1. Only one residue in B:K120, B:K83 is over 25 Å from B:R324 (Cβ atoms), at pLDDT 90 or above and surrounded by fewer than 16 Cβ atoms within 10 Å (Cβ to Cβ), so which one is that?
2. Which one of the conditions (1) away from chain A (no Cβ under 11 Å); (2) assigned to a helix (DSSP H, G or I); (3) under 21 Å from the mean Cα position of the chain (by Cα) does B:Q198 fail to meet, given that it meets all the rest?
3. Limited to segment B:89-113, what total is found for residues that are part of a helix (DSSP H, G or I) and at pLDDT 95 or above?
4. Is it the case that B:V117 is touching a helix residue (DSSP H, G or I) at 6+ places or on another chain (Cβ under 9 Å), in a strand (DSSP E or B) and either without any contact (Cβ under 8 Å) to a residue 24 or more places away in the chain or of a type in the set (A, V, I, L, M) (or both)?
5. Go through segment B:199-218 residue by residue and tally those that are in contact (Cβ under 8 Å) with a residue 12 or more places away in the chain and within 21 Å of B:T238 (Cβ to Cβ).
6. For segment B:150-178, what are the residues that are closer than 22 Å to B:T319 by Cα, assigned to a loop (DSSP other than H, G, I, E, B) and either touching a residue at least 12 places away in the same chain (Cβ under 8 Å) or in contact with a Cys (Cβ under 6 Å, 6 or more places away or on another chain) (or both)?
7. Which numbered condition trips up A:V185, out of (1) assigned to a loop (DSSP other than H, G, I, E, B); (2) on the phi < 0 side of the Ramachandran plot; (3) facing another protein chain (nearest Cβ under 10 Å); (4) touching a strand residue (DSSP E or B) at 6+ places or on another chain (Cβ under 8 Å)?
8. Condition first: more than 9 Å from chain A (Cβ to nearest Cβ), assigned to a helix (DSSP H, G or I) and touching a helix residue (DSSP H, G or I) at 6+ places or on another chain (Cβ under 8 Å). Can you find one or more residues in segment B:202-215 that meet it?
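The values are calculated or read from the model by the stated rules, or taken from the named source; none is laboratory data. Bear in mind the structure is a predicted one, so any value in this text is a computation, not a measurement. Here the Cβ positions follow ideal geometry from the backbone for every residue, glycine too, while neighbour counts run over all protein chains shown.
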Number of protein chains: 2
Amino acid sequence: MTNLTLALDAMGGDHGPHVTVPAALQALRLNPDLRMILVGDESKILPILRSADSELSRRVSLIHTTEVVRMDDKPVHALRKAKNSSMRLAIEQVRDGHAHACVSAGNTGALMASAKVLLKTLPGVDRPALVSCLPAVTGKPVYLLDLGANVSCDYETLFQFAVMGSVLCEAVEKKSRPKVALLNVGIEECKGNGDVQQAAQLLLHTPQLNYTGFIEGDEIYTGCVDVIVCDGFVGNITLKTSEGIARLLVHQLKQGLTQGWLIRLLARVISPRIQSVLKQMNPDHYNGASLIGLRGIVVKSHGNADQAAYLQAINLAVTEAQRRLPEMIKDRLESILLDING
Amino acid sequence: MTNLTLALDAMGGDHGPHVTVPAALQALRLNPDLRMILVGDESKILPILRSADSELSRRVSLIHTTEVVRMDDKPVHALRKAKNSSMRLAIEQVRDGHAHACVSAGNTGALMASAKVLLKTLPGVDRPALVSCLPAVTGKPVYLLDLGANVSCDYETLFQFAVMGSVLCEAVEKKSRPKVALLNVGIEECKGNGDVQQAAQLLLHTPQLNYTGFIEGDEIYTGCVDVIVCDGFVGNITLKTSEGIARLLVHQLKQGLTQGWLIRLLARVISPRIQSVLKQMNPDHYNGASLIGLRGIVVKSHGNADQAAYLQAINLAVTEAQRRLPEMIKDRLESILLDING
């Protein structure tokens, strides 16, 4: 890796610079060729930066702004009014070629809208998608998109998501011909709504992708496919339901293991092991959702990410930048669209 | 309870009479005033029935047929061709007033289509909904509908589902003014698609219901509301995703607890407690989904239900029959529609 630069919205997220700056320093320590542009309030960033050794801080530059996008700001506010927000300035670093990717833990709607306007979508892409990976039984991640950037999608959008998801999985996991499926209420051809059915038809006639058919909700976590495509309404609810049921199970398990002194005693001994399993399942540990389909790399971190989780989002941005993800998606999409249309 | 009669599609499900007949006998043992009509192949039912004591078998009548709806039969086949299927004859018992409710573990699509045609929907109901309850942290069940009977729903259908779900929860849980929510990708008014937003507006102007607003996927299992409404596409995927992630967690937990001799030893001691928690979470133990909005009671059991699970489906049918659920929904819907239109 040579000369890779990330722009960080240092103010985004619940903990702002207290998480973003230490995570940035940690990333710099791990990657000697990485540089960082921290965007945010210097009065809050500098005190944390000062603790870093000089080799690291030499690779950090700072763009000072006191304006921030709040978690409850509407996207339109972020676009029209907050022209100097840390989020917007971070995205502009990518647009203007000063950074290879940006990371923000800020307001998702604002990030999506700003990134779309400032970076523009790739040719052939109507709408960017929010994509993340989930843990599967096999230990391999499963990519799910869209996660809520687009509440309703026509079949062409679903098709584009399938192409983009496949290329993302290829690029990040170095997996050739990843298996792509459409999320549906049944696996038979007649199941689902019109858009899902038409998207399936289109995918069946796209030999460049390894499309395997429909998949039901209970197969998401088996790892039987690598990329799962759905509209943002379904994707968002699927992801959040998973978080909810995981939390319920943890709760029930804790309840079950506090009844009776022997169980309580043994549970205390066994607890670190259970905790480590639950940690693997914790959605926060799969931090970093990518906005793909844009002419630049934007990674969204959970708002409540801690330093370790935020570091994962940074690492994801680094990987996507190293693999030149937007160019890969663009080339792949162009070749597929050319084949289909010509 | 006096003179309550259930019709059972004795052939439906993966195990047919081997599960349905023993479960029916168990239900008869528990409810001295219950009667059963078993519909199916007498050569398969009678050998199992013969083991029952005569008091129980006096309360069983049998309708013999060798025709069955297979799991992969299309609904249209069940409707047009399988005129003497055990499923259809069981529903006809309800239509013709010979039974107060019917239960089937057969093909969902065929059951839905046959029930709709044979029993008809209630006045004011366009489409029946499939509803079931999920386990919440609070220990109280949460009703989710639709679970896949209707892959896309306009706002009026979502509204009708909210009314029906609320009345069902009132009737079965004896809960006054249950909290009703719409499943969405955010809780703010501007979130979601047009149908969800319009349904919300309609519900906000329906004081007869205790509508509490939008709910996100991660709140489903907290028990913060009693009834959650969504279209069948989202509901089906939500339910199945929950099953999938629960299975993944169990798998990970088992993996985590087999590494290291001490952990393995302790895990063996603690295992029954963990098993009992997982059993509570097992979707099979929440067996019995109701088809509501019809002029008769139809309960769908999981296809792979065992005797205990099938008994739950029977008990649900008994409860709904005792509370005269279709009449309750009809009255409530009429009064609400009258208020809205008048």
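1. Values: B:K120 fails: over 25 Å from B:R324 (Cβ atoms).
After applying the criteria, what remains is B:K83.
2. Unmet condition: (3).
3. From segment B:89-113, those part of a helix (DSSP H, G or I) are B:89-95, B:108-113; that's our starting set.
Those still in the list that are at pLDDT 95 or above too: B:89-95.
Summing the residues that are part of a helix (DSSP H, G or I) and at pLDDT 95 or above in segment B:89-113 gives 7.
4. On the way: touching a helix residue (DSSP H, G or I) at 6+ places or on another chain (Cβ under 9 Å): yes; in a strand (DSSP E or B): no; either without any contact (Cβ under 8 Å) to a residue 24 or more places away in the chain or of a type in the set (A, V, I, L, M) (or both): yes.
The answer is no for B:V117.
5. Going through segment B:199-218 one residue at a time, the tally reaches 10.
6. Selection gives B:K175, B:R177, B:P178.
7. (4)
8. Start the filter on segment B:202-215 by keeping residues that are more than 9 Å from chain A (Cβ to nearest Cβ), which leaves B:202-215.
Now restrict to residues that are assigned to a helix (DSSP H, G or I): B:202-204.
Subsequent filtering for residues that are touching a helix residue (DSSP H, G or I) at 6+ places or on another chain (Cβ under 8 Å) retains B:202-203.
Yes.
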